[in-house]
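*Asks:* First, the structure itself, so that you have it in front of you.
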Amino acid sequence: MTGTVVLKLGGSVVTEKDQPETVAGDRLAALARAIASSDVSDIVVVHGGGSFGHPHAAEHGVSSTDATRDPEAVRDIAAAMENLNSAVVGALADAGVAAVPVHPFSAGYRDADGDLELPTGHIAAMLEEGFVPVLHGDVLTTAGDGVTIVSGDDLVVSVTRGLDADRVGLCSTVPGVLDEDGDVIPEITAFEDVGGALGGSDATDVTGGMAAKVRALLALGSPAFVFGPDALGDFFAGDDAGTRIEG
Ligand code: IPE
């Protein structure tokens, strides 16, 4: 399949969430094989922090809204994410994928309005040269504040817009966006349709995760899919996987 696909591998998929700094080796190897056997021409991978990034960020009191100016904290969180990135790139390489690391802290920042500024020219050039760039949730310089965390999901939105990607996949441990009964919602075209199931439609999203994700994906302009690891092959084949989200 020609076109550009942006794939986020959730931190809970690539790491063992309850064991500090532990890569989920078998799961990661299986995902890497699925990526290697896809015939999509251009793939950008973004992975989350899981048991690498989150504990270090929490230890230093840093989040996407709580900033730090402590360089040691920045180095510590960045190093943990670099370690995980090396493991993900390594697993992809072992499967024969032309994976290369891209560290967002070195490439972008959040401006004074809080907008993520991430240039994508270098990522487009990497794709053009046949590489599979592998980005990750990271620390990010934040104008007027110091350094905050940028989530993999935010990077996915930014990269998808910047590259005008054709399809977006969010692979996490859940098989899709779930309704109140725990069943996968096949398709979401408006937030109002599912706000209840996601714990309310308030923009300040205290329930975190999924509601904010769905809102951002609806605004993308490219179809996005939320699915579990087993559906990665379907996603790459261009079939519907998990929940399809398109506003
Ligand atoms: C978090 O990225 C990155 C850091 C904590 C440094 P994400 O928010 O995308 O990670 P997951 O997928 O939830 O683990």
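Derivation of every value follows stated rules applied to the coordinates shown; laboratory data play no part. Given the structure is predicted, the values throughout are model-derived calculations rather than measurements. Because the Cβ atoms are built from the backbone with ideal geometry, glycine has one as well, and the counts that use them run over all protein chains shown.
*Asks:* When only C-alpha pairs under 8 Å and at least 6 residues apart count, what is the relative contact order of the chain, in percent? Intermediate results must be reported in sequence, preceding the final value.
*Replies:* On the way: 526 pairs, mean separation 54.6, N = 247.
About 22 percent, as a whole number.
*Asks:* In addition: State the dimensionless ratio Rg/Rh of segment 8-89 (Rg: radius of gyration of Cα atoms; Rh: Kirkwood radius).
*Replies:* Answer for segment 8-89: 1.04.
*Asks:* Would you look at the GNM of the chain, springs on alpha carbons closer than 10 Å, and say which of 48, 195, 90 moves the most?
*Replies:* 195
*Asks:* Suppose only helical runs count, i.e. DSSP H with n ≥ 4. What mean residue ellipticity at 222 nm does that imply for the chain under -39500 (n - 2.57) per run, divided by all residues and rounded to the nearest 500 deg cm²/dmol?
*Replies:* -10500 deg cm²/dmol
*Asks:* Between residue 190 and residue 100, what is 0.36 nm times their sequence separation minus the Cα-Cα distance? Round to one decimal in nm.
*Replies:* 28.8 nm
*Asks:* Roughly how compact is segment 103-189, stated as its Cα Rg over 2.2 N^0.38 Å to two decimals?
*Replies:* 1.30
*Asks:* Divide, for segment 127-247, the radius of gyration over alpha carbons by 2.2 N^0.38 Å, where N is the residue count.
*Replies:* Scaled against compact globular proteins, the figure is 1.11.
*Asks:* Semi-axes of the chain's equivalent ellipsoid from the Cα gyration tensor, sqrt of 5 times each eigenvalue, largest first, rounded to whole Å?
*Replies:* 24, 23, 18
*Asks:* How far apart, in nm, are two points set 7 Å out from the Cα along the Cα-to-Cβ line at residue 37 and at residue 129?
*Replies:* 3.0 nm
*Asks:* A further question follows. Using a simple spin-label model with points 7 Å from Cα along the Cα→Cβ vector, what separation in nm is obtained for residue 113 and residue 65?
*Replies:* The answer from the label model is 2.0 nm.
*Asks:* Which FRET efficiency, nearest 0.05, do residue 122 and residue 79 yield, Cβ-Cβ r, R0 25 Å?
*Replies:* Details: r = 22 Å, r/R0 = 0.89.
It comes out at approximately 0.65.
*Asks:* Can you list residues from other chains, or at least 5 along the same chain, whose modelled amide H is less than 5 Å from the amide H of residue 4?
*Replies:* Distant-sequence amide H within range of residue 4: 166, 167.
*Asks:* Right, here's the next one. Arranged by the count of other C-beta atoms within 10 angstrom, fewest first, what order do 149, 185 take?
*Replies:* 185, 149
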